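The values are calculated or read from the model by the stated rules, or taken from the named source; none is laboratory data. Just so we're clear, the structure is a prediction, and the values are computed from it rather than from any experiment. Cβ sites come from the backbone with ideal geometry, for glycine too, and all protein chains shown count toward neighbours. Calculation scope for accessible area: heavy atoms of the full protein, side chains included, ligands and nucleic acids excluded. Shrake-Rupley method; radii C 1.70, N 1.55, O 1.52, S 1.80 Å.
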Amino acid sequence: MKFIFPQNYNFKNKFLGIIDYSTLLLNIIWDLFVFAFINLFFQNITVKIFIFIIFCLPILLFCIVGFNHENILYIFIYLIKYISSNKLYFYDKKS
């Protein structure tokens, strides 16, 4: 069977077809950071699980769903650029 892909088709490699590898790496780093932080400060296993889910699950779901399947790293870069130079001007309309 032979498939023909258009030249402007953007083929991205994804882990299990749902998440980019760079986003997956970012999620793993964030999860390891949260896991290490939780293990330093908490002893009860139920508290550890609860806090880990609270801090890691929303980010994972946001990375999977995202904004029109945009890479989460690009979204962070856009947000940082906007925060560093937000030039929003309001003009008075004189009638």
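Things worth noting here:
- Pairwise FRET efficiency - Phe41 versus Tyr82, Cβ, R0 = 25 Å, nearest 0.05: 0.15
- Segment 48-71 and segment 21-45 have Cα centres separated by 12 Å.
- Computed from backbone phi with θ = phi - 60° and the Karplus coefficients 6.51, -1.76 and 1.60, the 3J(HN,Hα) list for segment 46-59 is 5, 5, 4, 5, 4, 5, 4, 5, 4, 8, 9, 5, x, 5 Hz; x is used for glycine and proline.
- Distance in nm between pseudo-label sites at Ile54 and Asn68 (7 Å out along the Cβ direction from Cα): 3.5
- List Val34, Val47, Val65, ordered by accessible area with a 1.4 Å probe, largest first: Val65, Val47, Val34
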